[in-house]
Amino acid sequence: MSGPAPAARPARKRAQPSLEPAAARPVARVCVDVSLPHLDRPFDYLVPGHLDDQAQPGVRVRVRFAGQLVDGYLLQRADSSEHSGRLAYLEKVVSAEYVLHAEVAALARAVADRYAGTLADVLRLAVPPRHARAEKQVPPTLAAPAEPTVLAAPAEPLGPAAPAEPGRASGPGGWATYPAGAAYLRAVADGRAPRAVWTALPGEDWPARLAEAARAADASGRGALLLVADARDLDRLDAALTSALGAGRHTTLSAALGPQERYRHFLSAARRQVRVVAGTRAAAFAPVAELGLVVLWDDGDDLHAEPRAPYPHVREVLLTRAQLAGCAALLGGYARSAEAQQLVETGWAKDLTAAREVVRRYAPAVPPAGDDAQLARDPAAATARLPHVAFTAAREALAAGAPVLVQVPRRGYLPAVACAECRAPARCPACAGPLSLPSASAAAACRWCGRIATAYACPSCGGRRLRAAVVGARRTAEELGRAFPGAPVWTSGRDGVLAQLPAQPAVVVATPGAEPVAEGGYGAVLLLDTWALLTRADLRAGEETLRRWLAAAALARPASTGGRVVVVADGSLAVVQALLRWDPGWLAARELSERRELGFPPAARVASLTGVPDAVADLLAAVILPAGAELLGPVPAGEADERMLIRVPRTSGRALAAALHAAAGVRSARKAREPVRVQIDPLEFL
DNA sequence: TCAATCCGTATC
DNA sequence: ATACGGATTGAC
């Protein structure tokens, strides 16, 4: 304030215009945008009469909270408050737009509870930032069908009559190719809630199949929500949805759209102008009207794990959502995760897998791999990493006029430790965690429990020596250019992803996840540098390896038209066996039973606590762990941090999350300075 | 005995 | 950040 203060100030502090509470339901319950765990509950405010109309559940509001103006969401209106003190008035309604639908609020609460997080944190993931211009752009008058629209044509054809993808006449012919496929789609179209884990056939046009599933939900008068891992998959799905539903009947949501477009698309779903939404990660919370079906493609992809607190996984979000909405769920992929396998084994979901002979009909030939060492020493190989079998397969494919795909691992994997003899990943004898070599001279230590593995003996070959596993290189493209001088060599990876490829002789070197789709399929697919994958210091190494291999191998032609896959790896490994037999379900069942034995997710539930040692100890002192909880660690994590793992039986997962949330609340109420990161079932526990 | 002050806690 | 309640202190 400038100038001399008037000596005689009126007693009243603020010159507030006298506010009157709204006549009916004057109390607004608000979730304030504050991520402190001890404030993770609604706070009551009074709705001033002039905001009565706008202050509806689901709108953004601004309120005075602890002296500051903060954003929040109005969760509900009520007649009265439990709060004993005086209630403050809402400061303003930011926008009357209904952005937080009641079902999404309930979902967000459930996700926060599952992940020991706060509702405010989950809502930051769930609702995209407001863009005022976008709100004006989508005229509310466009508000399309609130009533289920009757399609011009019924949801059929659901079966093999679906048109085959151009240039892929040999591909599987639709949902009817899977024993329970047509029945599944019919159930969705009939408004029921079937749940399935779908193993896509090699060469499957999965975007078309997912679009058919969305159309079935749409035909039942309900909405559908389809999630994929990245922008490239989303583009393909988007195109398939346009051809299955017609233009303007669906929308897409992804961060790649940019703030304004993203919010505009979000609004067209929130305003119920469309009821089919496809997107990446954050779209799992999209407001979809009358949700009838949730779909997740390739649930094993790391990108489905949210990197921001409370680190929810899309699979868990969608399954929770299906549960809350009582709607259908479909988890599809060429591969199968241990989590998906568990859904099948517990009977939660039905197994949608084609019969063996059908799989054989569409699968490329995968010649049994020889001994790894012998392959690598092959004198005919153009390089040490391109053994003879692979070289021949590529040359023959090119000669037949077909493109060749070469998959190489991405750089930057953590150096893991493997048996020097048989190259099996070395695991801790005490807790089965991965071992690491801090230095060349030091003994191997467990990354989970910190114990030193003295006198290590390999469980598979008895070998006693350990070695660091090599990390894949990226000179492959140049090497191949020399090996096949006649064919153009392309690369597709981090910097520059190729989406498609014509049916011409060419060599494509791609990192996992960036493999272009080839018109007519690849004549040969080479999987190189495989043990950078196989020796990953990761519980999920086997599953992840097969997932990447199948994603590439599924792009090959069937064996009957010359399609071949060469994997440069030891043929006795389970992962290689699963590829040879094209049986991801078999590997997933093995992985799951192994995790059951070792007591790791998804068979058990694990929480990781990361922070400076004092902070982690502080949180552990405050937490009241459920019975049967087991502590592993601490192990060093990064510069100054350490990590503790807490393991509980699956049935205690909810209790563990609640206990950790409560303990975090005790710390935040005390204004504890040093943060502790709490993650439930983290994908990587290093 | 009471008012000024300090400290911890809740935050509507 | 700020407001409040309860405890603490110091002067009468």
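FYI, it's all coordinate maths here, none of it is from the lab. Computed from a predicted structure; not experimentally measured. Cβ atoms come from the backbone with ideal geometry, glycine included; neighbour counts cover every protein chain shown.
Just to be sure I understand: of the beta bridges DSSP finds with both ends in segment A:208-358, what percent are antiparallel, rounded to 5? Once the DSSP bridges in segment A:208-358 are tallied, antiparallel ones form about 5 percent.
Which GluC sites (Glu not before Pro) in segment A:629-686 pass both tests, a DSSP loop state and at most 10 other beta-carbon atoms within 10 Å? Numbers along the way, then the final one.
Values: sites: A:Glu630, A:Glu639, A:Glu642, A:Glu684; in loops: A:Glu639, A:Glu684.
Taking segment A:629-686 and a limit of 10 other Cβ atoms within 10 Å, the loop GluC sites (Glu not before Pro) found are A:Glu639.
Length available on full extension from A:Ala66 to A:Glu684: 0.36 nm per residue minus the Cα-Cα distance, which gives 218.7 nm. Between A:Gln323 and A:Leu19, the simple label model (points 7 Å from Cα in the Cβ direction) yields a spacing of 3.9 nm. Modelled spin labels at A:Glu630 and A:Ala617, positioned 7 Å past Cα toward Cβ, are 2.5 nm from each other. Counting only residues at least eight positions apart within a chain, or on another chain, the aspartates and glutamates with an alpha carbon under 16 Å from that of A:Lys136 are A:Glu97, A:Glu261. Remark: segment A:283-297, residue by residue, has Karplus-estimated 3J(HN,Hα) of 5, 4, 9, 4, x, 10, 5, 6, 4, x, 7, 10, 10, 10, 9 Hz, where x stands for each Gly or Pro and the curve is 6.51 cos²θ - 1.76 cosθ + 1.60 at θ = phi - 60°. Proximity of backbone amide H atoms, modeled 1.01 Å from N, is registered between A:Thr491 and A:Val509 at under 5 Å, excluding neighbours fewer than 5 places apart on the same chain. Note that segment A:647-652 has calculated 3J(HN,Hα) couplings of 10, 9, x, 3, 5, 9 Hz, one per residue in order, obtained from phi through the Karplus relation 6.51 cos²θ - 1.76 cosθ + 1.60 (θ = phi - 60°); glycine and proline are x.
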